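The values are calculated or read from the model by the stated rules, or taken from the named source; none is laboratory data. Predicted model only: the values in this text are computed from it and were never measured. Neighbour counts are summed over all protein chains in view; Cβ atoms, including those assigned to glycine, are modelled from backbone coordinates with ideal geometry.
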Amino acid sequence: MAEILLEIKDLTHRFGGLTAVSDLNFEIIKDEIVGLIGPNGAGKTTVFNLVSGFYVPSEGDILYKGERINGLKPHEIASRQIGRTFQNIRLWSDMTVLDNIKISQHYRLGYNLMDAFLQTKKYKKHEKMIEADAYELLEEFQLSDLAHEMPKNLPYGVQRRVEIARALSLKPDLLMLDEPAAGLSSADVSELIQYIQWIKEHFKLTIWMIEHQMQVIMSLCSRIKVVDFGKELLTGTAEEVRNSPEVIKAYLGDGEI
């Protein structure tokens, strides 16, 4: 029997008089790659922000592994093994690549402020462990030679890889990718598709992604949810989405997916 990892029930969110998400229902099954698509302003990133704790839903429930996570802070949700990236890369540009990976593991710290100030054995032990884990992850992502570089000095595509690596440093069971192909060249997009497939298989996790690049969505996703004005239009396979007149009209006008 399929295991439900994330369940969204009657999710609604309002900004003043504007309803950004309306009565949305969705289930994400363990080990699948799922897409969330729709026109600009459809409410996609708002859904991600609700799930990851940046917004509190106006109505409805969000269940992760059967636990209601409504109202939890972003760091509390991250500690439950949910990792995410952002549409606009949010790396600490004046910190090294290594430190970007290390700082995301703050929830694992086994010491307090006094331990850090006094440089106690506990502090040194946990810092050594976190640094070793960070180096191992950078090695897996072929980024170890950039460990002491500043992200702001790196090409955009490499920065995106660093951001994904940082999200994976949380050791998530669910990885949420918000437009991972944004700003990438055609060649980089093709590489990204292989990269995401490798991540899923190598790290044994579930991936939920927002993406405008249909090549990425259609190549990777077992199911796709389409939203418009915060409401569901369709949930189906790539073929069902591609051939839906409602989706074509809402998402691409008179074009073709």
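Do we find a residue being surrounded by fewer than 20 Cβ atoms within 10 Å (Cβ to Cβ), at pLDDT 90 or above and farther than 25 Å from A78 by Cβ anywhere in the stretch 194-209?
Looking through the stretch 194-209, at least one residue is surrounded by fewer than 20 Cβ atoms within 10 Å (Cβ to Cβ), at pLDDT 90 or above and farther than 25 Å from A78 by Cβ.
Take residues that are out of contact with any Gly (no Cβ under 9 Å at 6 or more places or on another chain) and in the same structural domain as L11 (by TED's automatic domain parsing) and tell me which of the strands (runs of 3 or more DSSP E) falling wholly in the stretch 158-228 contain 2 or more.
Fully inside the stretch 158-228 and qualifying: 174-178, 206-210.
Name every residue in the stretch 42-65 that is surrounded by fewer than 16 Cβ atoms within 10 Å (Cβ to Cβ) and either among the β-branched types (V, I, T) or touching a residue at least 24 places away in the same chain (Cβ under 8 Å) (or both), in order of residue number. Talk me through it step by step, then tell me what you get.
So in the stretch 42-65, the residues surrounded by fewer than 16 Cβ atoms within 10 Å (Cβ to Cβ) come out as 54, 56, 58-59, 61.
V56, S58, E59, D61 - these are the residues of the stretch 42-65 that are surrounded by fewer than 16 Cβ atoms within 10 Å (Cβ to Cβ) and either among the β-branched types (V, I, T) or touching a residue at least 24 places away in the same chain (Cβ under 8 Å) (or both).
Give the residues of the stretch 128-161 that are without any contact (Cβ under 8 Å) to a residue 12 or more places away in the chain and among the acidic types (D, E), sorted by residue number.
Matches in the stretch 128-161: E136, E139, D145.
Does P151 satisfy the criteria of being touching a Gly at 6+ places or on another chain (Cβ under 9 Å), buried (at least 18 other Cβ atoms within 10 Å of the Cβ) and at negative phi?
no
Could you go through the stretch 140-148 and let me know if any residue there is surrounded by 14 or more Cβ atoms within 10 Å (Cβ to Cβ) and either modelled with pLDDT under 85 or in the same structural domain as I196 (by TED's automatic domain parsing) (or both). First the steps, then the outcome.
Of all residues in the stretch 140-148, those surrounded by 14 or more Cβ atoms within 10 Å (Cβ to Cβ) come to 140-141, 143-144, 146-147.
Then drop every residue that is not either modelled with pLDDT under 85 or in the same structural domain as I196 (by TED's automatic domain parsing) (or both), which leaves none.
For the stretch 140-148, residues surrounded by 14 or more Cβ atoms within 10 Å (Cβ to Cβ) and either modelled with pLDDT under 85 or in the same structural domain as I196 (by TED's automatic domain parsing) (or both): absent.
Sort out which residues of the stretch 5-62 are in a strand (DSSP E or B), more than 18 Å from L205 (Cβ to Cβ) and among the aliphatic types (A, V, I, L, M), and write them in order of number.
Result: I8, L11, L18, A20, V21, L24, I37, I62.
Failed condition for E76, given (1) outside any loop (DSSP other than H, G, I, E, B); (2) buried (at least 17 other Cβ atoms within 10 Å of the Cβ), with all others met?
(2)
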